[in-house]
Structures are given as C-alpha cells and as structure tokens.
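Here the structure comes first, spelled out in structure tokens, and everything after it is commentary.
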Amino acid sequence: MLPFAWVLVLAGVLGLVMGSAVSAIVWRVPRGLSWVRGRSACPSCGAALTATDLVPILSFVASRGRCRHCGHPIGWRYPLTELLCGGWAVLLTRAIGVGWELPLLAIWGFILIALMWIDLDFQLLPDALTLPGTLIAAAVVLPHPGGPHHALIGLLVGSGLLWLLAWGYLLLRKTEGMGGGDIKLAAMFGIVLGWQLTLLTLFLAALAGSIWGGLLMLRRTGHAQTALPFGTLLCPAAMVAFLWGDRWIGAYVGLFFHR
C-alpha cells in the first residue's frame, strides 16, 4: 500500500491532468462545442495540439507561454486552472482520505472550477454542468445515514434563499437581479454541504462580492448597480466551505460557548 504522502502526490498529478480537461470544458461548453469529441486546438491559429502541448504546467513553461505554431500568447488561466485542480485534489484527499467518495467529490470540485470561469466570461452557468454536478452530489450524499435529510435541507436552504432573493429583487426593482443558473448551482453545492456550510458559502460569496464591488467603485469602473457574476464567487466559496467550513463554524461557536 502506498504511503499517504505518495497518495497525495498521485492525487496532485491527476488533478493537474484534469485541470487541462477543465480548461477544454471552459472553452467548449459555452460555445456549444462538444467537450467529448474533437482535439484541442490553439484558439488563435486553430492548430491541433499534440500530446507535448498538453502536459500540465510543463508545456506552458517550455513554450514560454506562447503557442509554438503561431506564437500567440497563451492565457495565464490555463496553468492556473491546472494548479487549482491539482490543489483541490490534494486538499480533498487530505480532508477525506481515500474512499469511494473521493473521485466523485474531486469531479464535483472540478465542475465548480469550470463553472467559476464560465460565469466570469459569459455570465452563464450551463445546465450541461450544473445538472451532472447535482447528480454527482446526490450520489455522494444519499447513501450515507441521514443523507437524504442532509441533502434536502441543504438544497432548500441554498436554492430557496437565492430564489427568494431573486424574487424580492424582481419585485422591488422590476428587473432580474439573479439568474436561474445561480439557483441551480446552489442545489449542486447545497446537497453536499448541508444547511450550515451552505449558509457559510453564501456569506463568503456575498462578502467577496461586496469587496469586489467596492474596489470597482473605488476605481470608478463600476457602480452600485453593476452586475457581478455571483456564480464565480459561489463556486470557490463552496469549495472553501467544504474543506474548512466545519472548523471555522466550530471556532466561531466556541467564542460564545467557551468556558
């Protein structure tokens, strides 16, 4: 049996590889392209990428961040996505150990990373990703004792609160303030997180949104009505809540009940 340190290394390598696949999903899904069929290509010149162009991190470093066919700069987001996926795989493995839930929760996180970038670029949270993510979440949680109750309450709190906020905003301002994609996304993470960590996720995302909006106003590039891609904030907030949320909530509660 492998020492756990080597398990973490293996998880990190597999996460980096999946990061390359996530980058392809981010490019293809919002453009209506199949993310199963077809070879990856340079977005600038269209040249098909070979295996040597797809080695996580190393290909970017070796090419100095440029396409070796046309010389066009490769976006920093590609290696960053690989690092995020590799980091998620390592942290998740450390948090829950090796079990049948590990690959499912790893994919759940990879989908969240893809949704984060897509919402940032297109203000879109595609059903093609949120629906599989929700099914994966259910497959992880429902088999556990108390799993159906945990999933249902988390879903109702996450999706229900966002639906109420969207309905209230529409009622007061006569315009849509939150899309249905955010509500579906909340179901995807609410099932896994349960109601407490879902509330923490919403709080963290709202806090990040307030800081983001404040910075935009300070730089005079936004105003109080500037629309922010809330899914871009919800996705990493859900991942952070999964990894460290129980500890944070326990420490917070301890401040009031510590003897």
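The values are calculated or read from the model by the stated rules, or taken from the named source; none is laboratory data. Not measured: the values here are computed from a predicted model. Note that each Cβ is placed from the backbone with ideal geometry, even for glycine, and that neighbours are counted across all protein chains shown.
What the table shows:
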| item | result |
| --- | --- |
| Single match in V98, V141, V90 (criterion: touching a helix residue (DSSP H, G or I) at 6+ places or on another chain (Cβ under 7 Å), farther than 20 Å from V26 by Cβ and free of Cβ contacts under 8 Å to residues at least 60 places away in the same chain) | V141 |
| Of residues in segment 3-20 being more than 12 Å from G86 (Cα to Cα) and out of contact with any helix residue (DSSP H, G or I) (no Cβ under 8 Å at 6 or more places or on another chain), the one surrounded by the most Cβ atoms within 10 Å (Cβ to Cβ) | F4 |
| Residue check for I136: under 19 Å from C235 (Cα atoms), within 13 Å of the chain's Cα centre (by Cα) and surrounded by 15 or more Cβ atoms within 10 Å (Cβ to Cβ) | no |
| Residue tally, condition farther than 12 Å from S23 by Cβ and among the β-branched types (V, I, T), over segment 70-95 | 2 |
| Among the candidates T226, T221, residue that is at pLDDT below 95, more than 21 Å from G180 (Cβ to Cβ) and assigned to a loop (DSSP other than H, G, I, E, B) | T221 |
| Failed condition for T93, given (1) surrounded by 14 or more Cβ atoms within 10 Å (Cβ to Cβ); (2) of a type in the set (V, I, T); (3) under 28 Å from D127 (Cβ atoms) | (3) |
| The one condition in (1) of a type outside the set (V, I, T); (2) surrounded by 14 or more Cβ atoms within 10 Å (Cβ to Cβ); (3) assigned to a helix (DSSP H, G or I) that H149 fails to fulfil | (2) |
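So that you can scan it fast, the table gives a plain yes or no per residue for (1) surrounded by fewer than 17 Cβ atoms within 10 Å (Cβ to Cβ); (2) out of contact with any strand residue (DSSP E or B) (no Cβ under 8 Å at 6 or more places or on another chain):
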site: A41; (1), (2): yes, no
site: L49; (1), (2): no, no
site: L58; (1), (2): yes, yes
site: G75; (1), (2): yes, yes
site: T81; (1), (2): no, yes
site: A114; (1), (2): no, yes
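Listed here are the residues, each with its yes/no results for (1) charged (D, E, K, R); (2) part of a helix (DSSP H, G or I); (3) without any contact (Cβ under 8 Å) to a residue 24 or more places away in the chain; (4) over 20 Å from L84 (Cα atoms).
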{"site": "A24", "(1), (2), (3), (4)": "no, yes, yes, no"}
{"site": "V29", "(1), (2), (3), (4)": "no, yes, no, no"}
{"site": "R39", "(1), (2), (3), (4)": "yes, no, yes, yes"}
{"site": "P56", "(1), (2), (3), (4)": "no, no, no, no"}
{"site": "V61", "(1), (2), (3), (4)": "no, yes, yes, no"}
{"site": "H69", "(1), (2), (3), (4)": "no, no, no, yes"}
